[in-house]
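Following: one structure in structure tokens, then a few remarks.
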Amino acid sequence: MLLCSCAGNKKGADAPAAAPEDTGICKTYERGPVTVTVRTNRKEVTIAERLELTLEADAEEGQEVKLPAFGEKLEQFGIVDYRTSQPELVGKGRVRLRKSYVLEPFLSGTYKIPPMTVEFWKKGDDANPHQIETEELEVHVKSLLPEDLSNLTIADIAPPLELPRPPLRWAWGAVAVGVLVVGLLWWLLWWEHRRRRPGEIAHIPAHEIAYMELQRLVSENLIEKGEIKLFYLKISGVLRRYIENRFRLHAPERTTEEFLAELGTGEVLEGKHRTLLRTFLTHCDLVKFAEHQPSTAEIQQTFDSCKAFIAETEEPAPGSTPTHAV
């Protein structure tokens, strides 16, 4: 196990010792081709603060990695936010997976986050997974009350104050102003309702967003720069986001490869669309996992497969026939 730590500058002998900065907990575990890092942003928080927890796994390409399921081992916290990041290249031949949580403690005291288990195996050999288990993490949650409650004095409730009675003419004036304000608000709401008629709110269809993302991907010139694998990772992400928006699907616990592979064999898509998706995935897998060096024609075929899938499944606009060129 490796530990992530920071050390402050050494002060003079006569200088008062400053309270150490709380840099959180950071522990790293390595086994074979996989390195797992678990970190928190703080070692100690108050009952009114939130704790950030991140679990990362860096693996050599060709390895499948399974992070713990959503919320596993975190039942003692309230989960305020959660994010599964898309796989990213972090070095030559290495891919990073990340899960991040924003946690909220319920009570003060010491919280112990149990060990978490990360499984990994060589692609195609899921019958023999290996495991990396993290250590237990200890986080302290402080109360906002003073430690010595015996000296805590609660003041008596002050008696209510009597409001001076306004003259009758001021009361009628206040009523008149209130009527004017209500009338003005009603008129503004009516005007806003008439101004915002149905159909005036802009809506960008899923396929239009996907075509714009493909345009940006082309403009990055990744192929010319030799970033072949990064190109394939990004074009897979474009297709995933299109399918999520077009068919209103969302599976944050799935990697892009798992998400697209399940759609290629499921019943959400029609048969011809599943065939297009499988063709696209075959080209991507050859490059990302089989160390295949694609030719220019194969790269173009992958790009065309992505465009064809979008064109075949796009939601047509009423009374128009969309045409796009990328």
> Counting only Cα, what are the radius of gyration and maximum Cα-Cα distance Dmax of the stretch 206-313, in Å?
Replying inline: 13.1, 39
> What are the ³J(HN,Hα) values, in whole Hz, obtained from phi via the Karplus relation 6.51 cos²θ - 1.76 cosθ + 1.60 with θ = phi - 60°, for each residue of the stretch 182-190 in sequence order, with x given for Gly and Pro?
Replying inline: 4, x, 5, 4, 4, 5, 5, 5, 5
> Between Thr46 and residues 5 or more places away or on another chain, which pairs have amide H atoms under 5 Å apart, with H built 1.01 Å from N, and which residues are they?
Replying inline: Lys142
> Tell me, what HN-Hα J-couplings in whole Hz come from the Karplus equation 6.51 cos²θ - 1.76 cosθ + 1.60 at θ = phi - 60° for each residue of the stretch 57-74, using x for Gly and Pro?
Replying inline: 9, 9, 9, 5, 4, x, 9, 9, 10, 10, 7, x, 5, 4, x, 5, 6, 10
> Which ³J(HN,Hα) values in Hz, rounded to whole numbers, follow from the phi angles of the stretch 307-313 under the Karplus curve 6.51 cos²θ - 1.76 cosθ + 1.60, where θ = phi - 60° and Gly and Pro get x?
Replying inline: 4, 5, 4, 5, 5, 6, 10
>> Sort His292, His283, His203 by Cβ crowding within 10 Å, fewest neighbours at the top.
In response: His203, His292, His283
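The numbers here are math on the coordinates, done by the rules we state, and not lab data. Since the model is a prediction, treat every value here as computed from it, not as a measurement. Don't worry about glycine lacking a Cβ; one is built from the backbone with ideal geometry, like all the others, and counts go over all protein chains shown.
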